[in-house]
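Peer 1: Structure incoming, see below.
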Amino acid sequence: MIKVYDAANHIDAQLALDELLAADIEAVMKGQFLSGGAGELPPSGLVTLWVLDEAFEDKAKAVITEYENRNQSCAPAQDCAGCGERVEGNFACCWNCGAELPEISKSF
Ligand SMILES: [Zn+2]
């Protein structure tokens, strides 16, 4: 078993895991159950994805890279505070009224 991804949080990990499984790569998530343990620190950065068969490491990393790239280019759409128009996430300003849009946090 080999680690292929350090997730930002368990939602991120789940999305990436779905990509791996969709590509017929057997993978598991680790670390998602660590929160709330007695006396433990918050598990920031501890959610990881592991590929069961090391022969799939390269393929898995390619899937992860593609997943990350897609995430960066596809920020969620939001409603403009100025005019209420729906604006795709990769715009910095509203295309309709020109209002500046708030930076979208990628954390959930
Ligand atoms: Zn607007």
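Peer 1: State yes or no: is A77 modelled with pLDDT of 85 or more, more than 12 Å from the ligand (Cβ to nearest atom) and either out of contact with any helix residue (DSSP H, G or I) (no Cβ under 6 Å at 6 or more places or on another chain) or of a type in the set (G, A, S) (or both)? Reasoning before the result, please.
Peer 2: Working: modelled with pLDDT of 85 or more: no; more than 12 Å from the ligand (Cβ to nearest atom): yes; either out of contact with any helix residue (DSSP H, G or I) (no Cβ under 6 Å at 6 or more places or on another chain) or of a type in the set (G, A, S) (or both): yes.
No; evaluated as a whole, the condition is false for this residue.
Peer 1: Taking the stated definitions as given, is A60 surrounded by 12 or more Cβ atoms within 10 Å (Cβ to Cβ), at pLDDT below 90 and at negative phi? Outline the logic, then answer.
Peer 2: Values: surrounded by 12 or more Cβ atoms within 10 Å (Cβ to Cβ): yes; at pLDDT below 90: no; at negative phi: yes.
No, not satisfied.
The values are calculated or read from the model by the stated rules, or taken from the named source; none is laboratory data. The structure presented is a predicted model; accordingly, all values stated were derived computationally and were not measured. As a convention, Cβ positions derive from the backbone with ideal geometry for all residues, glycine included, and neighbour counts pool all protein chains shown.
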